[in-house]
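**Q** Here it is, the structure, as structure tokens.
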Amino acid sequence: MPRAKTGVVRRKKHKKILKRAKGFWGLRSKSFRIAQQTLLNAADYEYRDRRDKKNDFRRLWIARINAAVRQEGMSYSVFMSGLRKSGVEINRKVLADLAVQEPDAFRKLVETAKAAQA
């Protein structure tokens, strides 16, 4: 029976890992062992950051809404409370987009929230 060696399989595995590590700094893109460790860490960061991205965007939307509302002389929390009381169900993503793209429509929403607070 011929002797089975892992030459072809190992080379294919190494090439696959090193191809994914292309662009990494120093030995992280040259050495198989270090590239493999780096890719394991990178996978952890990818997994974590896919979830963090949702929080980051929510924070950004709130900051944009707050900035636009303060120009109208109102605070973010009072504005959101007023919208809730008046029955307006627009999410923060759309509100932030309105604040940037359609200031007139956003101003009407602020007036609606003010009326509901009074």
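**Q** Kindly establish whether residue 83 is assigned to a helix (DSSP H, G or I) and modelled with pLDDT under 95.
**A** yes
**Q** Exactly one of these conditions fails for residue 60: (1) exposed (fewer than 15 other Cβ atoms within 10 Å of the Cβ); (2) without any contact (Cβ under 8 Å) to a residue 12 or more places away in the chain. Give me its number.
**A** Single failed check for residue 60: (2).
**Q** So in the range 5-40, with the set limited to residues that are of a type in the set (S, T, N, Q) and either surrounded by fewer than 10 Cβ atoms within 10 Å (Cβ to Cβ) or outside any helix (DSSP H, G or I) (or both), which one is modelled with the lowest pLDDT?
**A** Ranking the qualifying residues of the range 5-40, first place goes to 6.
For (1) farther than 30 Å from residue 16 by Cα; (2) free of Cβ contacts under 8 Å to residues at least 24 places away in the same chain; (3) surrounded by 11 or more Cβ atoms within 10 Å (Cβ to Cβ), each residue gets a yes or a no:
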site	(1), (2), (3)
47	no, yes, no
71	yes, yes, yes
79	yes, no, yes
93	yes, no, yes
100	yes, no, yes
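The values are calculated or read from the model by the stated rules, or taken from the named source; none is laboratory data. Just so you know, these numbers come straight off a predicted model, no measurement behind them. Reconstructed Cβ throughout: ideal geometry from the backbone, glycine too, with neighbour counts over all protein chains shown.
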